[in-house]
Amino acid sequence: MTAALAAAHHGLSAVVIEREKVYGGSTARSGGGLWLPGPEASTYLKHVAGDEVAPARRDALLAYGPEVLAFVERHTPLEFARVPGYPDYHPEAPGGLAEGRTVEPRPLDVRRIGVDRETLAPPYRAAPNGMAVTAVDYRWLSLGMRHPRSALTAVRLAASRFRGHRLTMGQALAAGLRAGLRRAGVPVLLDTPMTGLDVGEGRVAAVRSGGRTWRARRGVILASGGFERNEGMRREHQDLGTEWTVGAPGNTGDGIRMGRELGAALDLMDEAWWGPSLPLTGGPYFCLAERNLPGSLMVDGSGRRFVNESAPYVDVVHVMLGRRTGTPHLPSWLITDRTYRDRYLFAGRAPRTPLPRRWFDAGVAHRADTVAGLAASIGVPPEELRRTVDRFNGFAASGRDDDFGRGDSAYDRYYGDPRQRPNPCLGPLSKPPFHAFALVPGDLGTKGGLRTDERARVLRPDGAPVPGLYAAGNTSASVMGRGYAGAGATLGPAMTFGYLAALDLAE
Ligand SMILES: Cc1cc2nc3c(=O)[nH]c(=O)nc-3n(C[C@H](O)[C@H](O)[C@H](O)COP(=O)(O)OP(=O)(O)OC[C@H]3O[C@@H](n4cnc5c(N)ncnc54)[C@H](O)[C@@H]3O)c2cc1C
């Protein structure tokens, strides 16, 4: 949508085609955070993205990101605000910032989008009673009633219902972009799957959808998301299936497949925007604050910890999958005690409220009055789990995790409990009953795809562009490489490279 908006405002005639009956894809499901700093983030991005990403692409992201934000604010009803204190995901790395760089959409009055509210794709999880919850709010809500800001946030949100229906996070982002397209006269055709690309006179010249064809005078920008919902592609490239993704249902890798058929190179196909997730009966739940809050730890089948639980979600799953060491840590369990359950929101469930029976029936959740009983229930050696908990409780008392450094990073602490001393991420597991929750390597979508250059042109293995073909978002291999710079590091680049593709077409 950003690409089409930029194309329209640069004098081109654009059309967006969308296979679903609703628009917005994963973007509408998302938190809507955008990581779009300027060139001052160069050292940091180089550190995060690593050597697999061409420096010219990193530079292009940083050179144009702020311009994209300003462009979108100018041509849509969207306004963006800083998410205060949400750190870069590696704030202690060279150039990283503990105060963060993420922005998010301000709540958007649904009346600003008119009829397009009817066809907006649903959020991943709707806030109760239509409350307008932002990313900033989520942080405080996760703390239950532990902090004055938590209570204030809950009261303000409850009252905000009387201010009319407002969209937040990815709902606001997708709807705001759609509104900008309507203003610019760009059609968005729903229920219109791209089924093929036609080549003519040596370049990509048309898009097919069933029997219909759109001739592309300048070119085609593929922005059809990743392949998180394509079982065959996931098995081929990742040795995993589709059941643990929270990406949009329509993201079956069509753009990647069609680009490959035209000779494009693929990169990072074994990667995803991973995150430890609860395989709940109604679908996976992507854990954010749940791993950072005190009174919780993670173990594998040996009953031992294996990771800094509070590390950024992509990094935790890299360890779960054994990507660097060759030793996976699956199954994984999140172990918690009663204090944790009494204090904090858990997977959207208010503190102290009973957890659904079906979670226990499905084996996703286990409960026991002793650590040994819990170990027996999940099939890990009881004496090992006991040792792990005892050692961890020592760390909680001293405030130092000597094994994995949990709470050392400002990122870990962001979702910790500020009232927990001395370390906001470390609290003892001492009060029964204890819980264990299964954790699986889930994802927000895949991040490998078509190789592109700094103008978002799709490239062949020899580095030559496929004439007339561009890609942005998860259809392209990410400018973040195997890393994740900060909240918004998928959507910020997706919008920027869509914008750059349109500029290139306009030129
Ligand atoms: C719960 C959740 C929270 C997230 N939070 C954030 C966040 O705060 N910040 C961030 O940066 N990222 C976040 N992400 C990740 C981010 O949402 C995605 O990486 C991003 O939306 C991908 O954008 P995209 O344009 O590539 O794909 P999408 O937004 O998924 O759009 C792709 C569209 O293409 C359509 N399509 C697919 N195939 C075809 C076809 N053949 N023909 C026509 N249309 C087709 C799909 O139906 C879809 O609508 C989150 C994701 C989720 C699920």
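Here's the yes/no breakdown for (1) modelled with pLDDT of 95 or more; (2) part of a loop (DSSP other than H, G, I, E, B); (3) out of contact with any Gly (no Cβ under 6 Å at 6 or more places or on another chain); (4) hydrophobic (A, V, I, L, M, F, W, C):
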{"site": "293", "(1), (2), (3), (4)": "yes, yes, yes, yes"}
{"site": "302", "(1), (2), (3), (4)": "yes, yes, yes, no"}
{"site": "306", "(1), (2), (3), (4)": "yes, yes, yes, yes"}
{"site": "316", "(1), (2), (3), (4)": "yes, no, yes, yes"}
{"site": "328", "(1), (2), (3), (4)": "yes, yes, no, no"}
{"site": "355", "(1), (2), (3), (4)": "yes, yes, yes, yes"}
{"site": "363", "(1), (2), (3), (4)": "yes, yes, yes, no"}
{"site": "372", "(1), (2), (3), (4)": "yes, no, yes, yes"}
{"site": "376", "(1), (2), (3), (4)": "yes, no, yes, yes"}
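Output the number of the condition that residue 117 fails; it satisfies all remaining conditions of (1) within 12 Å of the ligand (Cβ to nearest atom); (2) closer than 14 Å to residue 170 by Cα; (3) surrounded by fewer than 21 Cβ atoms within 10 Å (Cβ to Cβ).
Here residue 117 meets the rest and fails (1).
With the requirement that a residue be in a strand (DSSP E or B) and within 15 Å of the ligand (Cβ to nearest atom), what does the range 205-224 give you?
Passing the criteria: 206, 207, 208, 209, 212, 213, 214, 220, 221, 222.
Enumerate the strands (runs of 3 or more DSSP E) found wholly within the range 414-487, keeping only those where 2 or more residues are under 19 Å from the mean Cα position of the chain (by Cα) and among the hydrophobic types (A, V, I, L, M, F, W, C).
The strands (runs of 3 or more DSSP E) meeting that bar are 434-446.
Of all residues in the range 457-490, which are within 16 Å of the ligand (Cβ to nearest atom), aliphatic (A, V, I, L, M) and touching a Gly at 6+ places or on another chain (Cβ under 7 Å)?
Scanning the range 457-490 gives 458, 469, 471, 472, 477, 487.
For the range 24-39, indicate whether the set of residues that are over 30 Å from residue 96 (Cβ atoms), within 14 Å of the ligand (Cβ to nearest atom) and in contact (Cβ under 8 Å) with a residue 60 or more places away in the chain is non-empty.
For the range 24-39, residues over 30 Å from residue 96 (Cβ atoms), within 14 Å of the ligand (Cβ to nearest atom) and in contact (Cβ under 8 Å) with a residue 60 or more places away in the chain: present.
Which condition breaks for residue 21 when tested against (1) within 16 Å of the ligand (Cβ to nearest atom); (2) surrounded by fewer than 17 Cβ atoms within 10 Å (Cβ to Cβ); (3) in a helix (DSSP H, G or I)?
Looking at each condition in turn, residue 21 falls short on (3).
Quickly run through the range 225-260 and pick out the residues that are assigned to a loop (DSSP other than H, G, I, E, B), more than 6 Å from the ligand (Cβ to nearest atom), within 17 Å of residue 195 (Cβ to Cβ) and in contact with a helix residue (DSSP H, G or I) (Cβ under 7 Å, 6 or more places away or on another chain).
Once the filter is applied, which keeps residues that are assigned to a loop (DSSP other than H, G, I, E, B), more than 6 Å from the ligand (Cβ to nearest atom), within 17 Å of residue 195 (Cβ to Cβ) and in contact with a helix residue (DSSP H, G or I) (Cβ under 7 Å, 6 or more places away or on another chain), the range 225-260 yields 227, 253.
Please go through the range 48-66 and pick out each residue that is surrounded by 15 or more Cβ atoms within 10 Å (Cβ to Cβ), away from the ligand (no atom under 13 Å from the Cβ) and touching a residue at least 60 places away in the same chain (Cβ under 8 Å).
48, 49, 53, 54, 57, 58, 59, 60, 64
Quick grid of which residues meet (1) modelled with pLDDT of 95 or more; (2) aromatic (Phe, Trp, Tyr); (3) under 30 Å from residue 109 (Cβ atoms):
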{"residue": "159", "(1), (2), (3)": "no, no, yes"}
{"residue": "165", "(1), (2), (3)": "no, no, yes"}
{"residue": "174", "(1), (2), (3)": "yes, no, yes"}
{"residue": "212", "(1), (2), (3)": "yes, no, no"}
{"residue": "230", "(1), (2), (3)": "yes, no, no"}
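Looking only at the range 158-166, decide whether some residue is away from the ligand (no atom under 16 Å from the Cβ), assigned to a strand (DSSP E or B) and touching a Ser or Thr at 6+ places or on another chain (Cβ under 8 Å).
Yes, because at least one residue in the range 158-166 is away from the ligand (no atom under 16 Å from the Cβ), assigned to a strand (DSSP E or B) and touching a Ser or Thr at 6+ places or on another chain (Cβ under 8 Å).
The values are calculated or read from the model by the stated rules, or taken from the named source; none is laboratory data. Please read all numbers here as calculations on a predicted model, not as lab measurements. Cβ: placed from backbone, ideal geometry, glycine included. Neighbour counts: every protein chain shown.
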